[in-house]
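The values are calculated or read from the model by the stated rules, or taken from the named source; none is laboratory data. Everything numeric here is computed off the predicted structure, so don't read it as measured data. Every residue, glycine among them, receives a Cβ derived from its backbone with ideal geometry; neighbour counts consider all protein chains shown. Remember, those area values only see protein heavy atoms, side chains included, never the ligands or the DNA or RNA. Shrake-Rupley method; radii C 1.70, N 1.55, O 1.52, S 1.80 Å.
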Amino acid sequence: MEAASPGPVDALRRAFAIAVAVWLTYACVRSAVRAYEKWPDGSHERAWTTSLAERDALMLGPIRPVLEAIEAHTDPTALVLAPIRPSSTAFVDIATHNMVGRSRFLALPRIVVGVDTEVTTWRARARDAGANERIWVLDMIGVTVGDDADLVEHASGPGWRLLAVVREDGED
Amino acid sequence: MDSYWNALAACGAQALYGAIALAAFTRRRDLGLHALGFAWPLVCWSLGALAVGASGALLAAFDLRLTPTAWAPPAVVVAFLLGAGARRVTSPDAAPARTAPRVGALWWIAAAAWTALVIDWIALANYLPVFQGDEASIWAAKAKVLFSLSGDPGELATLLSSDRLPDHRSHVHMAAYPWLVSLLQAHQYAWAGEVVHFTVRLPAQLFGALWPLALMEIARRSTAPTWWTLPLVGALVLAPIPLRGLDTGQAMSTVIAGVVLLVFARTLDRRWRGGVEALALLLLVATKPEGAAIMAAWAVATLAVRVVSRPATERVFARVFVLRSIAVGAPALVVFAVHQAANLAWGLEHHLADRADSTSGATHFVTAFVNVMTRHVFAFDATAALAGLALVAFVLAPARRRRSATPLFAAVLWLCVATTYYLVLATSPYPVEWQWVTAGPRIYAHVAPAAVVAAFALLAREPDEASEPVRSDGGA
C-alpha cells in the first residue's frame, strides 16, 4: 500500500505540508491583527460598554431627527425626494454627514431618492412620480429656501426641512 | 426601541424552532448533539432559520401582520415538518461512515477561542448601523418593506416591482434576490415591534460564527494530523473576507454555511447524511442566487463520488442512486421554482439578466481568469492563497486519498462552483474589473471551505495505519 511504504515522494509531501502549515499559522495571526486594526481606537471598549441607546445617539447622530421626522410624517409607501448637489456622484458622497445616503437606507421602506438640484429637474421628478403618489421633499441643502411654492413644511431641524408637495387638487 | 433583549428573544425563538426540527430529525434525547459535535449549533441554527423563513413567507403570502405571536405557531409546525421530512431523506451515497471524531484538546481550545473572538466581533460590528452596500439595499431594505407593509394586501408586490421614478433603480435594489436573510431580519423587527438598526444583523451574523465550528468538526473527523488541519481551518476563519462576514457582508455567511454543511454531511452516518444535504441545499437556494449554482455543483460532485466509489456490480446511474439524488435536491428545487414563479409574477429580473451584454468579449474571459488566479487562488500576500495551496495539496495527495469520498467531493464542488462563478463574472454585462472588485472576494469565499477539506487528503492516514478506529469513508 502507498502509505505503508513512505519514500522520497512522501517526504516531499510532508515537507510541502509543513511549509504550508507554518505559513498559514503566521497568516492566521497576521489576519487577526489586521482585522482588529481596521476598527477605530477605543471601539473595542465602546463595543462592550456603550448601550444601544448611546450607540443610537452616537452613530445616527444628525440622522436621527431626520429619520424620526420621516417616520412621523410619511407613510411607508411615501416617496421622499432628497435633492443633492450635481457634484455628488453617489448618495453617500454627500458632504453633510452622509445624511441623504444614510436616511435613504435607514428610512426604508420609504423611498428617499437623491436628485440633482436644478429646480426644473427635481420638480419634474415629483410630477413624473405618479398621480397617486404622496410626494415629500427632504431638503438638506437649502434648495427650497425661497422656492417653496406648492410645498408645505411639516418638520425641520438644523440644516434640513421636510416638506409635502401640494397637488393641484389640493391634497399633499 | 432597539434592545438586545428583543434580539435575544428572536434568536432564542429561532434556536428553539431549530431544536424542535432536530428533535424530529434525530429522535434522540440529546437532539443529535453527540453525533453532530461542533456542527450541532450550525445545523440547529440553519433549521431554525428555514423554519422562520418558510413560516414568514407564509404569513406574508396571506397578508398577515408580522408579529411574534402570529409567527410562532406556523414556525413550530414548519420546524417539525422540516425535521420529520429530513429524517426520511436518504443520501444517494451508500458508503458507510463511522463518525467518531478525534478527541483533541486543541480543537476545544480553538473552538473556545473562536467563540470568544466572534462574540467580541459581533459586539464591535453592531456598533455601526449598516446603511450602504448589499446588506442595506437588498436584505435590510426588503426586510423593512416586508415588515412595514405586512398585513397590507397588494403593497409588497407593487413596491418590489416598481421603479418609483424614471432612471432610478427600485429602492429595493436587486429585488429578484431570494428572501431568507430578509425574513430573518423581519423576524427581528417583529420581536422589536419596529424597524431597528443595530441588533437586526444578529441572526445572519451567527451563521458567520457557527460555520467555522462545523468546519472544525470536519477537521476533527479527519485522519490527517491536527498540526496540518488546524492551520488550514484557522487561516480560513481568520481570513479577512470570511471574518468580515460577521459584519457588513453578512449574507455570504449563510452561503458559506451551506457549503460547509454539504461537506460536513459527507462525514455523517448515512442515516443522517441525506437530511443534512437536503437542509444545506435549501439554505443555499433560499439565500442567494448563487445557491442554484452550488446545487448544480453538488449534483456533479455527488456523481463524481458515485463514479469512483460505487460497487463494481452497479451502474453509475442505478435507479436507487438517481431517485435518492432527486429526493435530496427536491425540496431545494421546489423552493427555487416558487421563488422564480414569484419573480415572474412580480416582473422581477436578476440584475445580471436585465440588460444587454454590450461590452464583454474575449478579453473578459482572460481578465476574469487572471483575477481568479491572482486574487483568490494564489494571492500570497493574503490568506486568500489558502485556496490555491489547498488545491495543490489535494493534487499532491496519494491517488488513493484523492479518490476517497470526502476530499473528492470537496474538490469537485470547489472546481464546479469556482468555474461557474468565473463564467458568470466573465460574461457579466458590467465592467469586469468593477464586477470583480465588487463581487469576486465575496463569492470566492463561499467555496474556500471546500478547498480546505480537499487539502486534508494530503496527510490523511490510511485506515490500517491510523492508531484510532477507522473513521469516515474518506478519512477526511
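Could you look through segment B:113-125, keep only residues that are out of contact with any Leu (no Cβ under 8 Å at 6 or more places or on another chain) and among the hydrophobic types (A, V, I, L, M, F, W, C), and pick out the one that is farthest from the other protein chains (Cβ to nearest Cβ)?
This residue is B:Ala116.
Residues being at the interface with chain B (Cβ under 7 Å from one of its Cβ atoms) and either among the small types (Gly, Ala, Ser) or touching a Gly at 6+ places or on another chain (Cβ under 7 Å) (or both): count how many of those fall in segment A:8-23.
Looking only at that region, the number is 2.
Please tell me if A:Leu24 is of a type in the set (A, V, I, L, M), surrounded by 17 or more Cβ atoms within 10 Å (Cβ to Cβ) and in contact (Cβ under 8 Å) with a residue 40 or more places away in the chain.
no
Consider B:Leu128 carefully, then state whether it is within 9 Å of another protein chain (Cβ to nearest Cβ), open to solvent by less than 40 Å² (accessible area, probe 1.4 Å) and at pLDDT 75 or above.
Spelling it out, it is not the case that B:Leu128 is within 9 Å of another protein chain (Cβ to nearest Cβ), open to solvent by less than 40 Å² (accessible area, probe 1.4 Å) and at pLDDT 75 or above.
Mind checking which residues of segment B:393-418 are open to solvent by 30 Å² or more (accessible area, probe 1.4 Å) and among the basic types (Lys, Arg)?
If the condition is that a residue be open to solvent by 30 Å² or more (accessible area, probe 1.4 Å) and among the basic types (Lys, Arg), then B:Arg400, B:Arg402, B:Arg403 are the ones that fit.
Only one of B:Gly274, B:Gly258 is among the small types (Gly, Ala, Ser) and crowded, with 24+ Cβ neighbours inside 10 Å; which?
Result of the check over B:Gly274, B:Gly258: B:Gly258.
I'm trying to understand the selection: among the residues of segment B:111-125, which are open to solvent by 20 Å² or more (accessible area, probe 1.4 Å) and either in contact with a helix residue (DSSP H, G or I) (Cβ under 6 Å, 6 or more places away or on another chain) or hydroxyl-bearing (Ser, Thr, Tyr) (or both)?
B:Thr115
Across segment A:42-77, which residue is surrounded by the most Cβ atoms within 10 Å (Cβ to Cβ) among those that are assigned to a helix (DSSP H, G or I) and of a type in the set (Ser, Thr, Tyr)?
The extreme case among them is A:Ser43.
Every residue, every condition in (1) hydrophobic (A, V, I, L, M, F, W, C); (2) closer than 22 Å to B:Ile256 by Cα, yes or no:
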position: B:Tyr4; (1), (2): no, no
position: B:Tyr17; (1), (2): no, yes
position: B:Thr26; (1), (2): no, no
position: B:Asp30; (1), (2): no, no
position: B:Leu50; (1), (2): yes, yes
position: B:Ala61; (1), (2): yes, no
position: B:Thr67; (1), (2): no, no
position: B:Trp71; (1), (2): yes, no
position: B:Ala84; (1), (2): yes, no
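Just to verify a result, which residue in segment A:138-156, among those that are modelled with pLDDT under 85 and among the small types (Gly, Ala, Ser), is surrounded by the fewest Cβ atoms within 10 Å (Cβ to Cβ)?
A:Gly146
Take B:Leu59 and tell me if it is at pLDDT below 95 and in contact with a Pro (Cβ under 8 Å, 6 or more places away or on another chain).
Criteria met by B:Leu59.
Restricting to segment B:344-370, what's the tally of residues that are among the polar types (S, T, N, Q), surrounded by 12 or more Cβ atoms within 10 Å (Cβ to Cβ) and either within 25 Å of B:Leu262 (Cβ to Cβ) or at pLDDT below 75 (or both)?
2
Give the residue that is farthest from B:Arg403 (Cα to Cα), with candidates limited to residues of segment B:422-434 that are open to solvent by 10 Å² or more (accessible area, probe 1.4 Å) and either part of a helix (DSSP H, G or I) or in contact with a Gly (Cβ under 6 Å, 6 or more places away or on another chain) (or both).
Selected residue: B:Trp434.
Give the residues of segment B:198-222 that are assigned to a loop (DSSP other than H, G, I, E, B) and surrounded by fewer than 24 Cβ atoms within 10 Å (Cβ to Cβ), sorted by residue number.
B:Phe198
Taking only segment B:313-322 into account, find how many residues are within 21 Å of B:Thr406 (Cβ to Cβ) and without any contact (Cβ under 8 Å) to a residue 24 or more places away in the chain.
2
Within segment B:305-332, which residues are aliphatic (A, V, I, L, M) and crowded, with 19+ Cβ neighbours inside 10 Å?
Residues satisfying the conditions are B:Val305, B:Val328, B:Ala332.
Within segment A:107-128, can you find the residues that are surrounded by 15 or more Cβ atoms within 10 Å (Cβ to Cβ) and modelled with pLDDT of 65 or more?
Hits for segment A:107-128 are A:Trp122, A:Arg123, A:Arg125, A:Ala126.
One residue is enough: does segment B:185-205 have a residue meeting the conditions farther than 26 Å from B:Trp71 by Cβ and modelled with pLDDT of 95 or more?
no
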